[in-house]
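What follows is one structure encoded as structure tokens, with my remarks underneath.
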Amino acid sequence: MDKFTLMIVDDEKIIRDGLQNSINWEGLGFEVVAAAADGEEAIELFQAHKPQAVIMDIHMPVMSGLEVLEKFKYEHPDTEVILLSGYDEFAYAKKGIQEGAFDYIIKLYMFPELEESLKKLHQALSHRLDETRKYNQLLLLKNDYLFQQLMKGITPIELNQAAQESYYYVASIWLPSLPSVLPDVISRISLPLKLLMKQGNGYVHLILYMAEEEKQFFHQKLVTSIRILETQLNDNAITAYKVGISSFKPQVAEIPQLYREAMKTIDYLRHGDPENSERSLLFYEDWRGQDISLNFSRIPDMHWVNWVYSGDDINLISWMKMVFAEACVNKQITLSDMKYLCVQIAAQFEKMTKDHEMAFNSLHEFDSLVELEAYMILFIKERCVTASHRMQLQKSESIAAVKEYVDEMYRTNLILEDVAKQFYFSTGYLSSKFKEYTGMTFSKYIMTKRIETACTLLVGTEMKVYEIANEVGYSDEKHFSKLFTQIKNTGPREYRKHNKFNGG
């Protein structure tokens, strides 16, 4: 149920208190926001509370109810008033209805009749509210259509000739937390310039324009309009805000460029206030961007590619932040430049991970450098995790291949440095990872492999000890016997006797 605000006006305290305490206002869909004892107080409280409905006595000191009704209806014609009177006189009722009263009730029969009247009033207000919502929705759709057309640089046929020959500004407003009432507040304020508005993703975008014949006053009226908007922001925005205002152009086709200027100005302001603690407003033409040159044509050859392939998110993100910081303070680096960089980074990740999940066309959704940067930081973190896992898997698979190679070639004179080169590892990396994979150093694994094979031959064949030594890679029988004793705590001959005697 919709709830409407209501004010009670009566010079008798017992009536005011009785009305407030004897009626189930919530159940009827009303909230009593004020109670006045005379006409002057009623006008004062009305200005403060702007109630949608009023219950008011006709006979009051200072100003009569009919006089107050006339003033209410003149200033706020949508306010509905139910008149109360202790007199059953047709003249009062007639006068009240002529002045626009919703109903006229005799106090003697007040409570049963008033509740019925309030039900009818609530129904009427609800119907009006529904109609207003529908109308506002149509206006919103029309406004959105006009805004989208202008943002594409297309002149809507709905704009009259004077508007088509106007100057145009774009003002974009960003807030960390957008109050739900703010767009409605802005749409209701009276500005010297005409206004088209669109809200979305924490922004309110405004296109400001005026008719041809008023061009000479355009900038002056723009400044006045911006001051009014700033006052409304200060009154309604409980957090910080950033307002970027473009330069002005005389052609609709240039509105997309004006929009980019406004957003670029906001990016500059947000970059300068990472804590979002300030309220700031800046005209694009008053901002002198730093002249920093990045060669975007050679992006694929830059050092960041190594960080992609190594999954080094720390260095890659640090560099990415530096580049975006430069873009935020340099007017010459455009959002399109940065999107190109982001596509190149994403393409390198795709090549490395063979992951086709990222849709490049998702980047077109971003109109802000700050938000594009936040998206790319998350993207890099996620892809670096994937890249790191894939590299670890590939390297694990490579270490497994090294082990298979050693298991095949252990009889030969294997040297760690030579094996590392063969598998494109550094010697230190292979030494560390081989031990991590097998639990033994490279040399210890080969020696253990040779001795275990020798044990099998000692028990399962009649080969001589020197023959077995040669078979497993040792040309010196004494050296073989010494190593065998170190590992098995017994010599090869004793091992053969003991294990053959015990059935092997």
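Annotations
- Only DSSP H runs of four or more residues enter the estimate; each adds -39500 (n - 2.57), and after division by the residues of the chain the mean residue ellipticity at 222 nm equals -18500 deg cm²/dmol.
- Net charge over other residues, Cβ less than 10 angstrom from the Cβ of ASP57 (K, R count +1; D, E count -1): -2
- Rolling a 1.4 Å probe over the protein chains gives ASP184 an accessible area of about 70 Å².
- Of the residues HIS205, PHE248, GLN232, the one whose Cα sits farthest towards the positive end of the charge dipole of region 184-271 is HIS205 (charges of +1 on Lys and Arg Cβ, -1 on Asp and Glu Cβ, taken about the Cα centre).
- With all protein chains in place and a 1.4 Å probe, the accessible surface of the chain carries 50 percent carbon and sulfur.
- Dipole moment magnitude, nearest 20 debye, region 392-504 about Cα centre, only Lys, Arg, Asp, Glu C-beta charged: 380 debye
- Computed over the chain: relative contact order in percent, which uses C-alpha pairs under 8 Å that are six or more apart: 8 percent
- Within the chain: Cβ-based charge dipole about Cα centre, in debye rounded to nearest 20 (Lys, Arg +1; Asp, Glu -1): 3780 debye
- Calculated P(r) over Cα pairs in 10 Å bins from 0, in percent (choose from (1) 4, 18, 28, 27, 16, 6, 1, 0; (2) 4, 18, 27, 24, 15, 9, 3, 1, 0; (3) 3, 13, 14, 12, 12, 11, 9, 7, 6, 5, 4, 3, 1, 0), label: (3)
- Ranked by how many other beta carbons lie within 10 Å on average, peptides 259-270, 313-324, 362-373, 404-415 from highest: 259-270, 362-373, 313-324, 404-415
- Protein heavy-atom accessible surface, 1.4 Å probe, per residue over the chain: 54 Å².
- Cα lying deepest toward the dipole's positive end in the chain, options LEU191, GLN20, PRO492, charges on Cβ: PRO492
- Packing, as the average of other Cβ atoms within 10 Å across residues, places the peptides 101-111, 488-498 in the order 101-111, 488-498, highest first.
- Peptide packing for 435-442, 8-15 was compared via the average number of neighbouring C-beta atoms within 10 Å per residue; ordered from the highest value, the list is 8-15, 435-442.
The values are calculated or read from the model by the stated rules, or taken from the named source; none is laboratory data. From a predicted model like this one, the values you see are computed outputs, not experimental measurements. So basically every Cβ, Gly included, is an ideal-geometry build from the backbone, and we count neighbours across all protein chains shown. Calculation scope for accessible area: heavy atoms of the full protein, side chains included, ligands and nucleic acids excluded. Shrake-Rupley method; radii C 1.70, N 1.55, O 1.52, S 1.80 Å.
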